1. Here are the criteria: (1) touching a strand residue (DSSP E or B) at 6+ places or on another chain (Cβ under 6 Å); (2) within 16 Å of ligand 1 (Cβ to nearest atom). Tell me which single one residue 159 does not satisfy.
2. Please find, within the range 11-27, the residue that is farthest from residue 215 (Cα to Cα) out of those that are within 16 Å of ligand 2 (Cβ to nearest atom) and surrounded by fewer than 22 Cβ atoms within 10 Å (Cβ to Cβ).
3. How many of the residues in the range 380-392 are under 17 Å from residue 352 (Cβ atoms) and in a loop (DSSP other than H, G, I, E, B)?
4. Can you tell me how many residues in the range 67-81 are aliphatic (A, V, I, L, M) and either open to solvent by 40 Å² or more (accessible area, probe 1.4 Å) or over 31 Å from the mean Cα position of the chain (by Cα) (or both)?
5. Within the range 168-192, can you find the residues that are of a type outside the set (A, V, I, L, M) and assigned to a helix (DSSP H, G or I)?
6. What are the residues in the range 267-323 that are exposed (fewer than 10 other Cβ atoms within 10 Å of the Cβ) and among the aliphatic types (A, V, I, L, M), if any?
7. Within the range 117-149, which residues are touching a Phe, Trp or Tyr at 6+ places or on another chain (Cβ under 8 Å) and at positive phi?
8. State yes or no: is residue 119 among the basic types (Lys, Arg) and in contact (Cβ under 8 Å) with a residue 12 or more places away in the chain?
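The values are calculated or read from the model by the stated rules, or taken from the named source; none is laboratory data. On a predicted model such as this, the values are computed, not experimentally measured, just so you know. So basically every Cβ, Gly included, is an ideal-geometry build from the backbone, and we count neighbours across all protein chains shown. Accessible surface is based on the protein model in full, side chains and every heavy atom, while ligands, DNA and RNA are left aside. Shrake-Rupley method; radii C 1.70, N 1.55, O 1.52, S 1.80 Å.
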Amino acid sequence: MKNGWEAIIGMEIHAQLATETKIFCACAANFGDEPNANTCPVCLGLPGALPVLNERVVDLGAKAALSLGLNINGTSIFSRKNYFYPDLPKGYQISQYDKPFSSNGTLTILTAERDESGRAGDWKPLTIHIERMHLEEDAGKNVHEGLPEVDKYSYIDLNRAGTPLAEIVTAPDFRSSWQAYDYVNHIRRVLQWIGASDADMEKGNLRCEANVSVRKIGEKEFRTKVELKNLNSVRFMQKAIEFEIKRQIAAHEAGETVNQETRLWDDKNQQTRIMRSKEDAHDYRYFPEPDLQPLVVSADFIERVKAEMPELPDAMLERFMSDYDLSRSDASQLVSEKDLAEFYERAAKASNNPRISANYILGELTRELNNSGKTAFDSPISSENLAELIKTLETGKINNNQAREVFVEMFNSGKSADEIIKEKGFEQISDSDTIGKIIDEVIEKNQNQVTAYKNGNEKLFGFFVGQVMKASNGKANPKVVNEILKKKL
Ligand code: ZN
Ligand code: MN
């Protein structure tokens, strides 16, 4: 960083929890549907309607909290966060304030700085503090259409109103834009992995905000921070933070004031720009939601959720390295996605060959999946099919090139390895009687070469091998051919 400055970054993530229904009513938690189709008196905020907490939100919230190293609080309180906005029909959001669902977490992520070309340097662990993860409802969505000043209309779609969110807030522990980038990707993958959230930024079911300030190294106090909002992708977020760090350092060095404000990323002009200043800051007048009981979770409940937790990606990576003797790079590619990791583990066990399983999955399978836009989840080849192919390869029935060809055919047709090997006539001939007969014929037909070979032209051995392979349509097992030829010549 520029001469003696350091960046101070804290992150806030809103992740939509992957429930079927909304947090306080039975409406479908689906906002791609016909506008306002999934609404009822509760999520429309009609007077007298009463919220009822969706138990599944607590389940998924608990999983998320545990996967991020947070402590689940025995009692948490829902509070009203009061503000007016057209997409918020009640005039308040039900959130949590001074008694959140979970708090005080310690999380270790892997992070690396990138050079100009985007290449990552050394990956190093970074331990950060997560202050809290609380549960709350989402607001609706305003939709603006038409040309300004001509026929501009604004609509309100309340399908999203009342969908459940987990808000994850870190301490200001990040010192670079890439650390924040790796953190958000870590959170996305873990939440997807445990099934707590789809965590898809493009669909808006994971949204992040960054609080950014800078100070001279050695300073104890924080300087004024700027909040970056409406960041549509992790990469935009990283760019926005990077720009903001440089902008603030330049301002401080020029003796200008950095104002406390909310800024947006303008990707077209590759800069942040002001959205609103601190003067617009809300006083939310939080108070406990009188229509909901305190949320009490028992130690038994927490134990049950712990027992249901799948192995997390970082733990799986370490285990793949030790159990299957894989390199860190191979193991980390395999655990990039849960379905792929599970596919690998099943194939490694069924084939009893973890090395070749990894080669096939990281090579052939990944290539075919990418080309066809599929994921390991909908792979036409099952891990059992792949294991069968690997076993066939190991018996010497087919060679490496043939196995790769069979693999592609399996992927495209969904047929088993055996079927394709038969169809293609790939079966190697290893039977010495059959090969012996072919060799006899080749010797018979090429008497001149036999004489020359016997007179010392040893190079002709390759010629005979070639002739035998040709006569067998490439199916003869080369090892057996060599052995018998040597005897017969
Ligand atoms: Zn509803
Ligand atoms: Mn929030």
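1. Only one criterion in (1) touching a strand residue (DSSP E or B) at 6+ places or on another chain (Cβ under 6 Å); (2) within 16 Å of ligand 1 (Cβ to nearest atom) is unmet by residue 159, namely (1).
2. Among residues in the range 11-27 that are within 16 Å of ligand 2 (Cβ to nearest atom) and surrounded by fewer than 22 Cβ atoms within 10 Å (Cβ to Cβ), the one farthest from residue 215 (Cα to Cα) is 14.
3. Going through the range 380-392 one residue at a time, the tally reaches 1.
4. 1
5. 177, 178, 179, 181, 182, 183, 185, 186, 188, 189, 192
6. Listed by number, the residues that qualify are 299, 307.
7. The answer is 146, and nothing else.
8. Judged against the criteria, residue 119 is not a match.
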